[in-house]
Amino acid sequence: MTTSRFQPASRKNVDRTDDPYIPRKGTPETGVCTECHAINRKKRWYADEAEYAVLARSGAAHRRCPACRKIADGFPSGVVSLRGRFLRAHREELLTVARNEERRARGNNPLERILGLREGNDGVEILTTDEKLAQRIGREIRKAFRGSVVYRWSEDANLLRVTWARDA
């Protein structure tokens, strides 16, 4: 009899209910994030600059969005590690692909952002506020530059580690 083993790389749907920065219950009133101008209404965050200007003037509740709180606390939900000799020669192009994916994702969901970059001797780490953004950055870099990508989901926390490597 063979036993089924948990395969973290096969997990496709990320359950966001365990994220400590996203409250389970929504707030009754509409709120705005003064840092990134995201709007919270009916348990959903979205971006609309024109509506933000109206709500900010009308006295809507001010609260920081989960992404701004994660950035302030330095709490990533995704880590994309870029490794290999190819990185040294094409660092800026790789980071441009990551920033473009963040810009595209942020248009759909303002909570998906790059939290920061960590430079090291062996490569660069891109920290994200969302697991799905890290997954998409890894996929886009793989599509644009080839190389190998490995996805590792944490079993007990909302954390995804993406490792991209290319030597030549």
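The values are calculated or read from the model by the stated rules, or taken from the named source; none is laboratory data. Note that this is a predicted model, so its numbers are computed, not measured. Quick reminder, even Gly has a Cβ in these numbers, built from the backbone with ideal geometry, and neighbours come from all protein chains shown.
Key figures for this structure:
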read-out	value
Cross-chain or 6+ apart pairs with Cβ under 8 Å, the range 33-48 first and in contact (Cβ under 8 Å) with a residue 24 or more places away in the chain and hydroxyl-bearing (Ser, Thr, Tyr), then surrounded by 13 or more Cβ atoms within 10 Å (Cβ to Cβ) and in a strand (DSSP E or B)	Tyr46/Ala38; Tyr46/Ile39
Listing of strands (runs of 3 or more DSSP E) fully contained in the range 41-148 that carry 1 or more residues being touching a helix residue (DSSP H, G or I) at 6+ places or on another chain (Cβ under 9 Å) and within 27 Å of Thr163 (Cβ to Cβ)	78-83, 114-120, 123-128
The range 145-167, subset in contact with a Leu (Cβ under 8 Å, 6 or more places away or on another chain) and surrounded by fewer than 15 Cβ atoms within 10 Å (Cβ to Cβ), residue farthest from Arg103 (Cα to Cα)	Ser154
Every residue from the range 42-68 that is under 23 Å from Arg104 (Cβ atoms) and in contact with a strand residue (DSSP E or B) (Cβ under 9 Å, 6 or more places away or on another chain)	Trp45, Tyr46, Ala47, Asp48, Glu51, Tyr52, Cys65, Pro66, Ala67, Cys68
Qualifying residue in the range 51-64 (condition: surrounded by 14 or more Cβ atoms within 10 Å (Cβ to Cβ) and either assigned by TED's automatic domain parsing to the domain that holds Asn158 or acidic (Asp, Glu) (or both))	yes
For Ala89: the one exception among (1) modelled with pLDDT of 95 or more; (2) among the hydrophobic types (A, V, I, L, M, F, W, C); (3) out of contact with any strand residue (DSSP E or B) (no Cβ under 9 Å at 6 or more places or on another chain)	(1)
Where Arg16 falls short, out of the listed (1) at pLDDT below 90; (2) in contact with a Gly (Cβ under 7 Å, 6 or more places away or on another chain)	(2)
Every pair of residues 6+ apart whose Cβ atoms lie under 6 Å, when the first sits in the range 78-99 and is in the same structural domain as Asp156 (by TED's automatic domain parsing) while the second is basic (Lys, Arg) and assigned to a helix (DSSP H, G or I)	none
